[in-house]
Amino acid sequence: MRAALIALLLAAAPLAAQEEVSRGSGATLRVLDKITGKTEDLALISGQDAVIGSLLVGLTECRYPEGNLAGDAYAYVTIDDGNESRRVFSGWMLASSPALNALDHARYDVWVLRCTTS
């Protein structure tokens, strides 16, 4: 349902407002531990995974409009929870609207900050 909503919103943008899209070599994600209140930034390269607490966070790719690495970046992220032995998130996260397609987890919040280039 969320993926369909995101696709609809992206497709609904006026053609004149669309910009050239580039792929970053990676992305910076922020992880909030809601119990301790601590945040940690993850710098991942596309195709890389990182372990944070019980989560395995994977980055497939990051895209951004030319000239705007941060504000309108969006990344395809997968998140597995080792405690539950299951995938808890798989989809596109948008830097400009982190709540639009967010991880629903009791302990952690994860969101994309920006794409990175070589």
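Only the coordinates and a few stated rules stand behind these numbers; no lab work does. Note that the structure is a prediction, hence the values are computed from the model and not measured. Heads up, the Cβs are rebuilt from the backbone with ideal geometry, glycines too, and the neighbour counts pull from every protein chain shown.
To two decimal places, what compactness ratio does the range 47-90 give when its Cα radius of gyration is scaled by 2.2 N^0.38 Å?
Numbers: Rg = 12.7 Å, N = 44, 2.2 N^0.38 = 9.3 Å.
Here the answer is 1.37, to two decimals.
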*Would you please name the GluC sites (Glu not before Pro) within the range 45-96 that are DSSP coil residues with at most 12 other C-beta atoms within 10 Å of their C-beta?*
GLU66, GLU84
*asked:* How large is the direction-averaged shadow of the alpha-carbon convex hull of the range 14-118, in nm²?
replied: 6.7 nm²
